[in-house]
Each structure stands twice: as structure tokens, then as C-alpha cells.
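The values are calculated or read from the model by the stated rules, or taken from the named source; none is laboratory data. Remember, it's a predicted structure, so these values are computed and weren't measured experimentally. Virtual Cβ from ideal backbone geometry, glycine too; neighbours counted across all protein chains shown. Only protein heavy atoms, including side chains, enter the accessible area calculation; ligands, DNA and RNA are left aside. Shrake-Rupley method; radii C 1.70, N 1.55, O 1.52, S 1.80 Å.
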Amino acid sequence: MAEILSGKVVAQAICADLEKRIAALKEKNIEPCLAIIRMGEEVGDLSYERSIRKTCEPLGIAIRLFALPRDAQQTEVLDAVKAVNNDNNIHGCIIMRP
């Protein structure tokens, strides 16, 4: 028989595990940080960004936003990616494009 999985229950379990892992990192003076590289201000992207913040910040995951104009040149985007790659205090990255 099939079992229906509740997204809320799964998310709570993931967050509970993350809380433990984040606490262990913070004991080592490491603050987890997620970079968001966003091009433009599309309504959907802004909503997704708010959702990311709403999930991450209460867990103790810092957010570092790289907000670029919608018409950013490739060099600007690559500079942002390089900045993220070169920053040892950033541990993950989400790139949002129009």
C-alpha cells in the first residue's frame, strides 16, 4: 500500500537534522552561509528569495545576496560567481536568472 508523505513532516525532519549539524559547525566558529546571486527583480525570484531567507535564517544560516541588474553583462555575473568561489565563508550558492 502506498504511503502519502507530508512535505511539512519531511521538511521538519530535514530542519531538525540541520539544526544539529549547524550547531556542530558553530562550535567550531563556522557560520554557515548561503550566497544568492540574483539577476533582476522578477516577482517569482523575489518570492523564492524570501522563502529561502525564511527557511535559512531561523536555522542560523546566513544569507549573502549578490543582486545584479537584469541586464547584467556576463563579466558581472562571472565576477559575482568568482567572489562567491573565493570567499571561504560562503558554503553554498543559488544562482537565479531571469
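Do we have ILE22 as under 21 Å from ARG97 (Cα atoms) and either in contact (Cβ under 8 Å) with a residue 12 or more places away in the chain or surrounded by fewer than 10 Cβ atoms within 10 Å (Cβ to Cβ) (or both) here?
The answer is no for ILE22.
Quick check on the stretch 22-38. Is at least one of its residues modelled with pLDDT of 95 or more and on the phi > 0 side of the Ramachandran plot?
Among the residues of the stretch 22-38, at least one is modelled with pLDDT of 95 or more and on the phi > 0 side of the Ramachandran plot, which makes the answer yes.
Counting just the residues of the stretch 72-98 that are of a type in the set (D, E, K, R) and modelled with pLDDT of 95 or more, which one comes out farthest from GLU31 (Cα to Cα)?
Within the stretch 72-98, the match that is farthest from GLU31 (Cα to Cα) is GLU76.
Considering only the stretch 60-86, state which residues are exposed (fewer than 14 other Cβ atoms within 10 Å of the Cβ) and either touching a residue at least 40 places away in the same chain (Cβ under 8 Å) or within 11 Å of the chain's Cα centre (by Cα) (or both).
Within the stretch 60-86, just LEU65 meets the criteria.
Can you pull out every residue in the stretch 1-19 that is among the acidic types (Asp, Glu), within 21 Å of GLY92 (Cβ to Cβ) and free of Cβ contacts under 8 Å to residues at least 24 places away in the same chain?
Residue satisfying the conditions is ASP17 alone.
Would you say ARG38 is open to solvent by 50 Å² or more (accessible area, probe 1.4 Å), more than 25 Å from VAL10 (Cβ to Cβ) and in contact (Cβ under 8 Å) with a residue 24 or more places away in the chain?
no
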